[in-house]
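Written below as structure tokens is the structure these notes are about.
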Amino acid sequence: MGRNTAADAASALRLLNSPDMRQNPEHGPRERRAPSSTPGAPLNISVVDYVTRQVGQIVDYTVSVTPQPKPLPERLEDVYDWCIEQTGEADDTERRRRDTLIETHALEHAIRLGETDEVCKHPCPRCGCWGLEWDHGGNRALCLNRRCRTPDGSASTWTPARLAGQKVRRTEIWRRNAT
Ligand SMILES: [Zn+2]
């Protein structure tokens, strides 16, 4: 992965952590949720809680690889670069976990900021179609291919983490084949 993904995640985190967003926790996709959507979905928590939780995930991961990392950076958004630097010795499995985590954050931040079209950049993990759409009510990416169904006949839906994991695996395969 990329520092590019980490940079995307960082700039989105900076926006999410801006005073404007922090003081208006109703910002973002929540305003556009369908009226029928069920309360209690992860997007219902405030922006501040969201940012704290996401940063906590990065810190937890970093400490699991490097028990005594350097102190956290001053600027919150530098946490991704900090994580990559502090886990330079990570093995392949740990690195994949890190790449997937940062890739997931980049996608989750974008969705949180209302850039739900980001899910269109991922093919459906089941049918391979490039026809995913963000379902605000379901809080998941929905495949619009009518023939793409789960074994019990429901439409295929995916979490950002699932799409991010797929992207990391595809990039790895592509890289392996390219060398
Ligand atoms: Zn599909």
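Throughout, read-outs are computed from the coordinates displayed, never taken from laboratory work. What you are looking at is a predicted structure, and each value in this text was computed from that prediction instead of being measured. Cβ placement follows ideal geometry from the backbone for every residue including glycine, while neighbour counts extend to all protein chains displayed.
D for the stretch 3-178, whole µm²/s, Stokes-Einstein with Kirkwood Rh over alpha-carbon pairs at 20 °C and 1.002 mPa s: what number? For these conditions, the coefficient is 124 µm²/s. Dividing the C-alpha radius of gyration of the stretch 92-179 by 2.2 N^0.38 Å, with N its residue count, gives 1.13.
If I take every Cα pair under 8 Å that is 6 or more residues apart in the chain, average their sequence separation and divide by the length, what percent do I get for the relative contact order? Don't jump to the answer; show the numbers that get you there.
On the way: 206 pairs, mean separation 43.8, N = 179.
After rounding, I find 24 percent.
Given the rule -39500 (n - 2.57) for each run of at least 4 DSSP H residues, summed and divided by the residues of the chain, what is its mean residue ellipticity at 222 nm, to the nearest 500 deg cm²/dmol?
Using -39500 (n - 2.57) per qualifying helix, the result is -15500 deg cm²/dmol.
Across the stretch 136-179, the mean sequence separation of Cα contacts (distance under 8 Å, 6 or more residues apart), normalised by length, yields a relative contact order of 31 percent.
For the stretch 3-178, the dipole from Cβ point charges (+1 on Lys and Arg, -1 on Asp and Glu) about the Cα centre works out to 740 debye, to the nearest 20.
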